[in-house]
Amino acid sequence: MTIKPLQDRVVVKMAEAEETTQSGIILTGSAKEKPEFAEVIEVGPGTSDVKMEVKKGDKVLISKYSGTNVKLDGEEYIIVRMEDILAIVK
Amino acid sequence: MTIKPLQDRVVVKMAEAEETTQSGIILTGSAKEKPEFAEVIEVGPGTSDVKMEVKKGDKVLISKYSGTNVKLDGEEYIIVRMEDILAIVK
Amino acid sequence: MTIKPLQDRVVVKMAEAEETTQSGIILTGSAKEKPEFAEVIEVGPGTSDVKMEVKKGDKVLISKYSGTNVKLDGEEYIIVRMEDILAIVK
Amino acid sequence: MTIKPLQDRVVVKMAEAEETTQSGIILTGSAKEKPEFAEVIEVGPGTSDVKMEVKKGDKVLISKYSGTNVKLDGEEYIIVRMEDILAIVK
Amino acid sequence: MTIKPLQDRVVVKMAEAEETTQSGIILTGSAKEKPEFAEVIEVGPGTSDVKMEVKKGDKVLISKYSGTNVKLDGEEYIIVRMEDILAIVK
Amino acid sequence: MTIKPLQDRVVVKMAEAEETTQSGIILTGSAKEKPEFAEVIEVGPGTSDVKMEVKKGDKVLISKYSGTNVKLDGEEYIIVRMEDILAIVK
Amino acid sequence: MTIKPLQDRVVVKMAEAEETTQSGIILTGSAKEKPEFAEVIEVGPGTSDVKMEVKKGDKVLISKYSGTNVKLDGEEYIIVRMEDILAIVK
């Protein structure tokens, strides 16, 4: 069973806290909006205004509190918009 | 008797809770906006800005609290905009 | 005496409650915005942004609380925008 | 002395209550926004976005509370935008 | 010393109350937004969106409370946008 | 050391009060938004939407409270947008 | 490990207070929004609306309180939008 996101949406899976530490990304404790570390699972087709700049498997930083949670076959995912993805981390 | 949605609107029918469980979609209990599982009944023509990316029979996730309820020949439907449909689930 | 709506406006006449029941449309009692059943009387020319998708005589669902009431030759009409018409019911 | 409205503006003169009754237009007493009956006096050139759909002498319905009052040579007029004119009444 | 307004701005000089009366323009005392009578002093170049429809010497009606006051060589002027000029009075 | 403003930004230096008086510009004490007198120091490249209409050395009127203060090599400057510059004074 | 910013985003590293003083930039204490001094680390591809006007290594002034903090391999960075960068300082 799969999810195919529409328009400029992207399905991501949040990275585990442990995984985050191993990869060297540690989110700072400042008052500013903190991003979250995630992996791209599925990418929508984009729109005439928004070009998709991520692909399956990319590790990304997404804006906290963005998107919609959904549980599929026991796994939790978040559906975000391209706009909510700040950067790809390699 | 049929409903023909206009512009970028889509008529959907909410999936039963049982059906939702069978298909493996379980909505999480987090504080974030939760989507709802539905089936596409009729699709509008789209607009110059919005391309329709769903077709009759698609199983979709829609934003909760979106759209307008209507009862037609004893069945309840919701008229949503393309914008409110997050993803197709297969 | 006639009304010729301008831009993307449409003149509609609300359907009687009896007529609504006969046609099988029953609006649900949920907390969501409920549509109303109406008949299209006159259609404006549209604009460069909005294409008119209804014609005289169409039975339509319109967003509740949309439009402007006017009484013409003893009959009550509502002037709505194309945007306010959700669907054509056949 | 004349007023030449600019952009998509239109100068109208409110119709007398008597005249309104004769023409058969009676505005309803509902809670919705009520239009007013007026005659078009002068029409602006329009803009790249807005096409003028009325001409001098047209009897029109305008949104209540729209526009700006001005008294010219002892006569009162209202300067409205094309947007504020709902329909032409013939 | 001169002021050259930028973009779609226009420099106007408010007309004296006496002059206003002579020209036959008397602003009404209604609750609606009242315009003010002014003379165009300098006209900006316009923008890709806004075409300038007034020229030096035009007598115009401007929206009250619009624009920015400035005193130049002892004279008071108002810098308004093309948008704030309702009509030319001849 | 120099500042190169980006997009449609302009670096200006506020004129001294004395200089303002000499040039004949005196800002009025009305309740309306008062502009400030400044000299253009550096001009950004503009954007596809905004054409730059000022050049180095121009004396300009800017909207009060617009822009961002910065001190460079002991001098205070304000970085404003083209939008915030009302007029060139010659 | 690297961060590749998306759309019109830019990864910057805040300059040390000491470095700021050496470069001659001192932010003023006024009530207006104060910028911050930073170095550009990575630049996104831009969008159809926004052209990127900075490159790696540029010293820039960014709007205070803009962007999102992230710590990568022990270093703190801020991800801002092109819009948030006021000027390049040379």
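The values are calculated or read from the model by the stated rules, or taken from the named source; none is laboratory data. The structure displayed is predicted, hence computed values, not measured ones. In this analysis, Cβ positions are derived from the backbone assuming ideal geometry, glycine residues included, and neighbour counts consider all displayed protein chains.
Restricting to region G:75-90, and then to whatever is aliphatic (A, V, I, L, M) and within 10 Å of the chain's Cα centre (by Cα), can you tell me which residue is farthest from the other protein chains (Cβ to nearest Cβ)? Among residues in region G:75-90 that are aliphatic (A, V, I, L, M) and within 10 Å of the chain's Cα centre (by Cα), the one farthest from the other protein chains (Cβ to nearest Cβ) is G:VAL80. Note on region C:43-90: residues that are within 18 Å of B:GLU42 (Cβ to Cβ) and out of contact with any strand residue (DSSP E or B) (no Cβ under 7 Å at 6 or more places or on another chain) amount to 1. Would you please list the contacts, defined by Cβ atoms under 6 Å and residues six or more apart or on different chains, that run from a residue in region G:59-72 that is free of Cβ contacts under 8 Å to residues at least 60 places away in the same chain and farther than 15 Å from G:PRO5 by Cα to a residue that is in a strand (DSSP E or B) and among the small types (Gly, Ala, Ser)? Going by the 6 Å Cβ cut-off, the qualifying pairs are G:VAL60/G:ALA38; G:LEU61/G:ALA87; G:ILE62/G:ALA38.
Taken over region A:59-90, the criterion of being aliphatic (A, V, I, L, M) and outside any strand (DSSP E or B) is satisfied by A:MET82 alone. Scanning region G:1-35 for residues that are within 10 Å of chain F (Cβ to nearest Cβ) and either at pLDDT 65 or above or at negative phi (or both) yields a count of 12.
Number of residues in region G:40-58 that are surrounded by 13 or more Cβ atoms within 10 Å (Cβ to Cβ), of a type outside the set (Lys, Arg) and in a loop (DSSP other than H, G, I, E, B): the value is 9.
Taking the residues in region D:36-74 that are at the interface with chain E (Cβ under 8 Å from one of its Cβ atoms) and at positive phi as candidates, determine which candidate is modelled with the highest pLDDT. Among those residues, the one meeting the criterion is D:GLY67.
In this entry, B:ILE85 is excluded by the filter for residues that are modelled with pLDDT under 85 and hydrophobic (A, V, I, L, M, F, W, C).
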